[in-house]
1. Quick one: in the range 71-110, which of the residues that are polar (S, T, N, Q) and in a strand (DSSP E or B) is surrounded by the fewest Cβ atoms within 10 Å (Cβ to Cβ)?
2. Restricting the range 125-151 to residues that are within 7 Å of the ligand (Cβ to nearest atom) and more than 22 Å from ILE3 (Cα to Cα), which is most open to solvent (accessible area, probe 1.4 Å)?
3. Of these, PRO119, PRO109, which one is more than 14 Å from the ligand (Cβ to nearest atom) and either at positive phi or modelled with pLDDT under 95 (or both)?
4. If we keep just the residues of the range 189-222 that are polar (S, T, N, Q) and in a helix (DSSP H, G or I), which is surrounded by the fewest Cβ atoms within 10 Å (Cβ to Cβ)?
5. Would you check which residues across the range 160-181 are in contact with a Pro (Cβ under 7 Å, 6 or more places away or on another chain) and more than 10 Å from the ligand (Cβ to nearest atom) and list them?
6. Only one residue in LEU230, LEU254 is of a type outside the set (D, E, K, R), under 24 Å from ALA146 (Cα atoms) and open to solvent by 60 Å² or more (accessible area, probe 1.4 Å), so which one is that?
7. So which residues in the range 136-160 are more than 19 Å from ALA73 (Cβ to Cβ), in contact with a strand residue (DSSP E or B) (Cβ under 7 Å, 6 or more places away or on another chain) and outside any loop (DSSP other than H, G, I, E, B), if there are any at all?
8. Whether any residue in the range 181-188 is in a loop (DSSP other than H, G, I, E, B) and at pLDDT 95 or above is what I want to check.
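The values are calculated or read from the model by the stated rules, or taken from the named source; none is laboratory data. On a predicted model such as this, the values are computed, not experimentally measured, just so you know. Ideal geometry is used to build each Cβ from the backbone, glycine not excepted, and the neighbour counts take in all protein chains shown. Calculation scope for accessible area: heavy atoms of the full protein, side chains included, ligands and nucleic acids excluded. Shrake-Rupley method; radii C 1.70, N 1.55, O 1.52, S 1.80 Å.
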Amino acid sequence: MKIAEIFLRKPTTVSFEIFPPKPDAPFAPVLDAINRLSALRPDFISVTYGAAGVHRGCTMEIAEHIAACGIAALVHLTCIASSPKETDDILEALKERHLRNVLALRGDPPVGDPPFGYPMLAGKIFAKDLVERIKSSGGFCVAAAAYPEGHPECPNRALELFYLKEKIAAGVDFLITQIFFDNAFFYGFLEELDRAAVALPVSAGIMPVFSQKQVERICALCGASIPKKLRLLMDKYGHSQDEMQKAGLEYASLQIEDLLEHNVRGVHLYTMNRPELAEFLVANTKLRQAL
Ligand code: FAD
């Protein structure tokens, strides 16, 4: 099923993100995580592709497993280190597997040498170009990324909104945001879209904090800020993974309840392949009513 149709049917969607195992790690735990996440009956599960330009393998196989569980699969795809032919081949393979939902991303340049034998296209290609390619291939529902706190490479907010509008005009059906820990950024972003007459659904990216180190690393990479309230929690509980996870889940629950009160179109949980985090949040917030 095309995810755009789910957004048409439902006031609020609930979705999860997972990532493939590293090349030397076993497959089974990821499949187990998908089985548990699928049991919650989310509207879709997305699966990442080649984060940081590496580990591209098995995104498609994992997406097939999600679909076999009866859940719509959203396949992430990047273009920064891919030849046009490679992208076209992937799109054909997705079609053969009846995988029709793609999150079109530029991706980040890999650290070190380009590993795939293609010239890096950094500065020459953007997600908009991939959206155009996917749309011209035909038959896909296309999502794109958005950044309530701004993308780290774009210092000018007005320019970023201009580029986002270009990307949307190329054929985007819905947006998923980068993580944020202060809902005010998300509401401000929705107002910006409103002023720019952009009316497509936006799913709010929420990540329950379970490890101080992990969240600091991710925020340093993606530019999300850590509000004082969360910083205080990390100072207090960061020494213990158990206590940090408990506090992080409580923090995410409050964020989610507030988002649902504001009638957001979607909540997208970055599960970090830990189904227990999603299970807790579904059981302990009004997310379960949105499912
Ligand atoms: P774009 O939309 O192309 O934007 C990138 C930058 O270029 C922005 O600063 C933008 O303002 C600027 N820009 C856009 N158009 C132009 C133009 N015409 N001229 C000049 N500047 C321009 N990465 C992975 O590798 N794998 C994943 O699976 C993955 N999943 C993600 C999922 C979500 C929901 C999000 C939010 C991010 C994900 N990322 C993933 C990270 C993403 O690839 C990076 O944030 C990347 O730096 C930008 O990708 P984009 O698709 O937003 O790029």
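1. THR78
2. PHE126
3. PRO119
4. Checked the range 189-222; the qualifying residue surrounded by the fewest Cβ atoms within 10 Å (Cβ to Cβ) is GLN214.
5. Those that are in contact with a Pro (Cβ under 7 Å, 6 or more places away or on another chain) and more than 10 Å from the ligand (Cβ to nearest atom): PHE174, PHE180, PHE181.
6. Just one listed residue meets the conditions, LEU254.
7. ALA146
8. Yes, the range 181-188 has at least one match.
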